[in-house]
1. If I ask for residues that are near ligand 2 (Cβ under 9 Å from one of its atoms) and of a type in the set (Gly, Ala, Ser), which ones from segment A:174-191 would you list?
2. Can you name the residue in segment A:205-252 that is among the small types (Gly, Ala, Ser) and on the phi > 0 side of the Ramachandran plot and is also surrounded by the fewest Cβ atoms within 10 Å (Cβ to Cβ) among such residues?
3. Does A:ARG195 count as on the phi < 0 side of the Ramachandran plot and modelled with pLDDT under 95?
4. Can you name the residue in segment A:172-185 that is crowded, with 23+ Cβ neighbours inside 10 Å and within 10 Å of another protein chain (Cβ to nearest Cβ) and is also nearest to A:HIS121 (Cα to Cα) among such residues?
5. Taking segment A:124-171 as the search range and keeping residues that are touching a helix residue (DSSP H, G or I) at 6+ places or on another chain (Cβ under 6 Å) and over 22 Å from A:LYS192 (Cβ atoms), which one is surrounded by the most Cβ atoms within 10 Å (Cβ to Cβ)?
6. Would you pick out the residues in segment B:78-105 that are of a type in the set (Gly, Ala, Ser) and either in contact (Cβ under 8 Å) with a residue 24 or more places away in the chain or more than 10 Å from chain A (Cβ to nearest Cβ) (or both)?
7. Please work out if B:ARG21 is surrounded by 12 or more Cβ atoms within 10 Å (Cβ to Cβ), within 25 Å of A:ASP175 (Cα to Cα) and at pLDDT below 80.
Amino acid sequence: MTMSKTNTTTREINFHVTRYNPETDRTPYVKTYRIPVREGMTVLDGLHYIKDNVDPTLAWRYSCRMGVCGSCGMLLNGRPTLACNTQVLHIADTDLTVGPLPNFEIIRDLVPDLMTMFEKHSSIQPHILRTDEAGLNSPDGEFYQSPAELEAYLQFAYCIKCGCCMAACPTLATDARYLGPMPLAAAERYDKDTRDDGRRARNEFTGTSHGAFRCHYAGECSRACPKGVDPAKAIQYLKRQLVLDYLHLARRKKPCQKMHGPGQGKPLPNIPAAPAKTV
Amino acid sequence: MAEIKRYDNRLGVWGWLGGGRWGIERYAYILHRLTGLAILLYFLMHVVVTSLRATGQYLWVEGGFFHQPIFKFGEFLVFAAFAYHALNGIRLVLVELGFAVGKPIEPIYPYKTSLNVQRPLLIIMMILAAILLAAGGSEFLGLGK
Ligand code: SF4
Ligand code: SF4
Ligand code: FES
């Protein structure tokens with residue numbers, strides 16, 4: 001990796017972009033665009049430059065342009081990552097290859113069809129499951145969760161569903177039905193949430209032959225993840241829990257309960273009164 | 001909605017080898033699969049070959065067909081595959097039971113992942129495998145004699 005000096009001069013970079021139009025092309029092909037790149041320019045900026053100045057037919061998916069929405073996952077120099085989160089000069093000296101995320105079908109150019117991932121994601125019921133639905137849906141109090149309990153799943157909750165991990169996973173490359181790192185990490189995120197009581201329901205999906213045990217810890221998902229979610233870690237926890245559940249060694253725990261409603265809690269001692277209103 | 005034509009971009013076996021970043025755990029993963037398949041293949045051949053003994057004793061006598069050096073070397077390869085597969089397997093059992101991957105952390109850039117946490121284990125296992133291979137090499141190939 002070369003870090004360029006801080007300067008405002010531009011450099012010509014060859015963008016080798018994968019193109020595919022389902023109406024006219026049988027297979028994807030690579031088209032090269034030579035464009036000027038400034039310090040600080042992201043790959044997403046580069047694609048905009050091409051679309052605005054060179055080739056208006058180029059298609060890709062993006063929205064937030066700041067690493068939050070998870071739309072712009074692409075294969076940059078062979079690595080799945082976010083186009084908006086990657087500066088061109090950080091990964092390219094003269095040439096940059098830009099391709100769609102592999103392990104998904106291509107809709108057009110750089111746009112992958114992420115539906116297979118979302119269907120797997122929804123199959124593991126990625127939301128709080130409790131038997132007392134009424135208590136969940138009526139907002140008459142808050143559930144108690146300690147900071148330590150929060151930390152048990154918070155890392156896995158940072159996932160933005162960009163699919164980079166799915167594109168990096170060698171297991172998914174040969175087994176299309178494998179749930180994949182993102183849905184499995186999401187399952188772990190909810191399993192470990194103390195408000196949730198749905199682990200055993202999710203085990204029905206995560207414990208199948210295309211579930212967590214398909215993962216053999218190649219670790220590519222964790223290396224690829226642009227948000228530091230570490231799905232490989234989540235999947236290994238998931239496997240441990242599946243084994244414990246299978247052997248009936250896991251303690252049965254009740255999901256956490258609601259605290260008092262607003263205004264009904266007991267104030268802690270030694271807390272000074274709020275200052276008088278000034279407005 | 002009209003059916004849209006799609007291009008299937010799944011990587012297949014190439015994805016084991018070249019889809020994305022290359023990390024040492026990925027090499028370990030590929031080698032684990034290959035050695036697993038090789039050991040399975042060996043086992044099948046082993047069953048067939050030993051069953052031949054019923055009709056072809058002469059293949060086994062000193063200086064017979066199965067005493068050619070290529071078979072010694074083949075045995076060493078099987079041993080090497082087994083040594084690697086067993087030791088890496090111990091690492092995988094530990095890791096996949098959630099040991100040696102660390103606790104959930106706050107992701108702060110540059111990200112540290114569970115891969116960093118379990119890497120010493122990988123290195124220890126590979127050193128052990130190397131020692132076994134050296135010992136096995138001198139035994140099978142007669143290098144020590
Ligand atoms: S785990 Fe990481 S790489 Fe995978 S979808 Fe979530 S944010 Fe993207
Ligand atoms: S650790 Fe598991 S899920 Fe992640 S890339 Fe490897 S095989 Fe796929
Ligand atoms: S555009 Fe939203 S993550 Fe890149």
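1. A:GLY180, A:ALA185
2. So the first thing to find is which residues in segment A:205-252 are among the small types (Gly, Ala, Ser), and the list is A:207, A:209, A:211-212, A:218-219, A:222, A:224, A:228, A:232, A:234, A:250.
Checking the rest, the ones that are also on the phi > 0 side of the Ramachandran plot come to A:219, A:228.
Numbers: A:GLY219: 33, A:GLY228: 18.
If we take residues in segment A:205-252 being among the small types (Gly, Ala, Ser) and on the phi > 0 side of the Ramachandran plot, then A:GLY228 is surrounded by the fewest Cβ atoms within 10 Å (Cβ to Cβ).
3. Values: on the phi < 0 side of the Ramachandran plot: yes; modelled with pLDDT under 95: yes.
Taking the combined requirement at face value, the residue satisfies it.
4. A:LEU172
5. The qualifying residue surrounded by the most Cβ atoms within 10 Å (Cβ to Cβ) is A:ALA168.
6. The initial filter retains those residues of segment B:78-105 that are of a type in the set (Gly, Ala, Ser), namely B:80-81, B:83, B:86, B:89, B:98, B:100, B:102.
Result: B:ALA80, B:ALA81, B:ALA83, B:ALA86, B:GLY89.
7. Values: surrounded by 12 or more Cβ atoms within 10 Å (Cβ to Cβ): yes; within 25 Å of A:ASP175 (Cα to Cα): yes; at pLDDT below 80: yes.
Criteria met by B:ARG21.
Quick grid of which residues meet (1) surrounded by 18 or more Cβ atoms within 10 Å (Cβ to Cβ); (2) away from ligand 2 (no atom under 16 Å from the Cβ):
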{"position": "A:GLU39", "(1), (2)": "no, yes"}
{"position": "A:ASN53", "(1), (2)": "no, yes"}
{"position": "A:THR57", "(1), (2)": "no, yes"}
{"position": "A:TRP60", "(1), (2)": "yes, yes"}
{"position": "A:CYS64", "(1), (2)": "no, yes"}
{"position": "A:MET74", "(1), (2)": "yes, yes"}
{"position": "A:ASN77", "(1), (2)": "no, yes"}
{"position": "A:PRO80", "(1), (2)": "yes, no"}
{"position": "A:VAL88", "(1), (2)": "yes, yes"}
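The values are calculated or read from the model by the stated rules, or taken from the named source; none is laboratory data. These figures come from a predicted structure and were not determined experimentally. FYI the Cβ positions are ideal-geometry reconstructions off the backbone, even for glycines, and counts take in every protein chain you see.
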